[in-house]
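The structure appears below as C-alpha coordinates.
The values are calculated or read from the model by the stated rules, or taken from the named source; none is laboratory data. All of these numbers come straight from a predicted model, not from anything done at the bench. Here Cβ is always computed from backbone atoms with ideal geometry, including for glycine, and neighbour counts include all displayed protein chains. For accessibility, only protein heavy atoms count, side chains too; no ligands or nucleic acids. Shrake-Rupley method; radii C 1.70, N 1.55, O 1.52, S 1.80 Å.
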Amino acid sequence: MIPQDIKQTLHDLRVIGGGHEVYESGNDQEMLHNFMAAKGIAFTDSAETDWQAIRHMLDQEKMKMKKEMDDYYRAFMW
(Lines give C-alpha, C1' and ligand atoms only; values in the text may rest on other atoms or scores of the structure.)
Protein backbone atom coordinates (compact mmCIF):
# COMPACT_ATOMS: atom_id res chain seq x y z
CA MET A 1 0.00 0.00 0.00
CA ILE A 2 1.34 3.42 -0.94
CA PRO A 3 1.80 5.76 2.05
CA GLN A 4 -0.42 8.84 2.13
CA ASP A 5 2.43 11.36 1.89
CA ILE A 6 3.66 9.68 -1.29
CA LYS A 7 0.12 9.77 -2.72
CA GLN A 8 0.07 13.51 -2.01
CA THR A 9 3.40 13.98 -3.77
CA LEU A 10 2.10 12.02 -6.77
CA HIS A 11 -0.93 14.33 -6.84
CA ASP A 12 1.35 17.38 -6.65
CA LEU A 13 3.39 16.05 -9.57
CA ARG A 14 0.23 15.58 -11.64
CA VAL A 15 -0.74 19.20 -10.98
CA ILE A 16 2.73 20.70 -11.47
CA GLY A 17 3.87 18.49 -14.33
CA GLY A 18 0.62 18.18 -16.24
CA GLY A 19 1.15 17.22 -19.85
CA HIS A 20 4.20 15.06 -19.21
CA GLU A 21 3.43 11.48 -20.20
CA VAL A 22 4.93 9.94 -17.07
CA TYR A 23 2.37 11.83 -14.93
CA GLU A 24 -0.70 11.04 -17.03
CA SER A 25 -2.18 8.14 -15.04
CA GLY A 26 -4.85 8.90 -12.45
CA ASN A 27 -3.98 5.65 -10.71
CA ASP A 28 -1.27 6.14 -8.05
CA GLN A 29 0.08 2.61 -8.41
CA GLU A 30 0.37 2.92 -12.19
CA MET A 31 1.87 6.40 -12.03
CA LEU A 32 4.48 5.31 -9.50
CA HIS A 33 5.28 2.27 -11.63
CA ASN A 34 5.65 4.47 -14.76
CA PHE A 35 7.81 6.98 -12.90
CA MET A 36 10.12 4.28 -11.55
CA ALA A 37 10.29 2.54 -14.94
CA ALA A 38 11.30 5.84 -16.56
CA LYS A 39 14.17 5.95 -14.04
CA GLY A 40 15.11 2.34 -14.91
CA ILE A 41 14.00 0.97 -11.53
CA ALA A 42 11.63 -1.95 -11.08
CA PHE A 43 8.79 -1.15 -8.66
CA THR A 44 6.74 -3.58 -6.64
CA ASP A 45 4.47 -2.52 -3.79
CA SER A 46 5.73 -4.95 -1.18
CA ALA A 47 6.74 -4.92 2.47
CA GLU A 48 10.39 -4.55 1.44
CA THR A 49 9.74 -1.40 -0.61
CA ASP A 50 12.16 1.37 0.35
CA TRP A 51 9.59 4.14 0.72
CA GLN A 52 12.20 6.56 2.05
CA ALA A 53 14.22 6.28 -1.16
CA ILE A 54 11.04 6.68 -3.23
CA ARG A 55 10.06 9.75 -1.18
CA HIS A 56 13.46 11.26 -1.86
CA MET A 57 13.25 10.57 -5.61
CA LEU A 58 9.72 11.97 -5.85
CA ASP A 59 10.67 15.08 -3.85
CA GLN A 60 13.62 15.64 -6.17
CA GLU A 61 11.34 15.21 -9.19
CA LYS A 62 8.80 17.61 -7.69
CA MET A 63 11.46 20.28 -7.15
CA LYS A 64 12.75 19.75 -10.70
CA MET A 65 9.25 20.03 -12.20
CA LYS A 66 8.43 23.08 -10.09
CA LYS A 67 11.58 24.84 -11.31
CA GLU A 68 10.88 23.82 -14.91
CA MET A 69 7.32 25.15 -14.73
CA ASP A 70 8.41 28.34 -12.93
CA ASP A 71 10.98 28.98 -15.66
CA TYR A 72 8.40 28.23 -18.35
CA TYR A 73 5.85 30.67 -16.94
CA ARG A 74 8.45 33.37 -16.23
CA ALA A 75 9.53 33.23 -19.86
CA PHE A 76 6.01 34.21 -20.93
CA MET A 77 5.19 36.61 -18.11
CA TRP A 78 8.22 38.90 -18.25
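Using θ = phi - 60° and the Karplus relation 6.51 cos²θ - 1.76 cosθ + 1.60, list the HN-Hα couplings for the range 62-70 in order, rounded to whole Hz, with x at every Gly or Pro.
Running phi through 6.51 cos²θ - 1.76 cosθ + 1.60 with θ = phi - 60° gives 4, 5, 4, 5, 4, 5, 4, 6, 4 Hz.
Report the gain in length on full extension from residue 71 to residue 4: 0.36 nm times residue separation, minus Cα-Cα distance, nm rounded to one decimal.
21.2 nm
With a 1.4 Å probe and all protein chains left in place, how much of the accessible area of the chain comes from carbon and sulfur atoms, in whole percent?
Carbon with sulfur: 56 percent of the solvent-accessible area.
Calculate for the chain the 222 nm mean residue ellipticity that helices alone would give, adding -39,500 (n - 2.57) per DSSP H run of length 4 or more and normalising by residue count, nearest 500 deg cm²/dmol.
-22000 deg cm²/dmol
Given the C-alpha atoms of the chain, compute the convex hull and give its volume per residue in Å³.
For the chain, the hull spanned by Cα atoms encloses 86 Å³ per residue.
With unit charges on the beta carbon (Lys/Arg positive, Asp/Glu negative), name the residue among 26, 16, 4 whose Cα is farthest towards the positive pole of the charge dipole of the chain.
With unit charges placed on the Cβ atoms, the residue in question is 16.
What GluC sites (Glu not before Pro) in the range 5-35 are in a loop by DSSP, with at most 10 other Cβ atoms within 10 Å of the Cβ?
For GluC sites (Glu not before Pro) across the range 5-35 that sit outside H, G, I, E and B with at most 10 neighbouring Cβ atoms in 10 Å, the list is empty.
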